[in-house]
1. Residue 109 versus residue 78, label points 7 Å from Cα toward the beta carbon: distance in nm?
2. Can you give the relative contact order of the chain as a percent, counting alpha carbon pairs under 8 Å and 6+ residues apart?
3. How many percent of DSSP beta bridges within the chain run antiparallel, rounded to 5?
4. Any idea what angle helix 142-153 forms with the longest principal axis of the chain, computed on alpha-carbon atoms, 0 to 90 degrees, nearest 10?
5. Work out the charge dipole of the chain with +1 on the Cβ of Lys and Arg and -1 on the Cβ of Asp and Glu about the Cα centre, then indicate which of 101, 256, 221 is farthest towards its positive end.
6. May I ask which of 23/157; 172/246; 23/73 have a Cα-Cα span longer than 26 Å here?
7. Taking each pair of different alpha-carbon atoms in the stretch 176-285 once, compute 1/r for the pair, average those values, and report the inverse of that mean as the Kirkwood hydrodynamic radius in Å to one decimal.
8. Lys and Arg at +1, Asp and Glu at -1: add these up for the other residues within a Cβ distance under 12 Å of residue 280 and post the number.
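Bear in mind that the values in this text are calculations on the coordinates, not laboratory data. Fair warning: this is a prediction, and the values are worked out from it, not measured in the lab. Cβ atoms come from the backbone with ideal geometry, glycine included; neighbour counts cover every protein chain shown.
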Amino acid sequence: MSQTIAFIGLGNMGGPMAANLVKAGFSVKVFDLVASSVETLVKQGALASASASDAAKDADVVISMLPAGKHVKSLYLADDGLIHQLAKNTLVIDCSTIDAASAQEVGKALEEQGIAFIDAPVSGGTAGATAGTLTFIVGGDAENVARAHPVLSAMGKNIFHAGETGAGQIAKICNNMLLSVLMAGTAEALQMGIDNGLDPKVLSDIMLQSSGRNWTLELYNPCPDVLENVPSSKGYQGGFMVDLMKKDLGLAVDTANKSQSTIPMGSMAQSLYKLHSLAGNGQLDFSSIFKMYSAKQD
Ligand code: NAD
């Protein structure tokens, strides 16, 4: 019998991830605070739910894809949270990017009730979510990670077991701190080339075959009209919001403070993304940091 999955949080990432579970043949019950996001999924074959608790009723697996730790803690641990409702042996998979301490707190509380939990943040962006090629970076017991495999495989192509509960979040935060540095660095290099008369497409091609090559340049170029179908060529709409990157850099700085790690580049990227958000760009894709460098030409 096919498993029933409750999917909570149908935003830029959760929407296409839930759609891929439907395509793979799972029975998927969906909920989001935004009714139109639920309707979009229903058109793709999911079952609408009136609340998170309605979606989770009799579910074998619950997946959440929410903005931050406070949303995840509230979904599971609040007075009316799912912890009071889920049957023992339900598998909870939180795919949101949140602080490791919140993941550990939720995991411990659920596991004390006999409910299995893994943290499984993702990498690969909205394009990866749509194509079903996400990378899952998982923390939790090996047995639970193995149980989650068929479900995660329907949404992604790489599944890494980083360690115990919370380890997925630590690895994800390391990755996103590096991503922010690469994005800001790529934006400033492209703008310097443009300021000196270079065509950004030609410069991108050159750097892609040279030692400056990186993921942002290859798949997510921040300069408009260099690549098709990326946020920069669509007015920086969709994708990964500046405010979510700002949140992740806050998590990186907190993590570094706890472990007494030195992160000058990550701290600089945090300041840049904070300023960019304060200038009114919080809802744009994070590649819009390019506008900070190109502003004098607006
Ligand atoms: P988003 O803001 O587009 O989506 C979040 C969704 O959660 C929204 O639709 C919102 O209505 C819903 N929501 C919030 N609280 C809710 C609740 N209590 N019950 C039900 N629904 C609720 O964000 P996103 O881009 O989809 O990102 C989600 C998570 O994935 C974040 O933690 C983000 O850091 C991470 N992430 C995003 C990307 C990306 O490229 N967008 C990539 C990797 C990881």
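1. The answer from the label model is 1.1 nm.
2. RCO, the chain: 13 percent.
3. Bridges in the chain are about 15 percent antiparallel.
4. 70
5. The one lying farthest along the dipole's positive direction is 221.
6. Beyond 26 Å: 23/73.
7. Evaluated over the stretch 176-285, this radius sits at 14.7 Å.
8. 0
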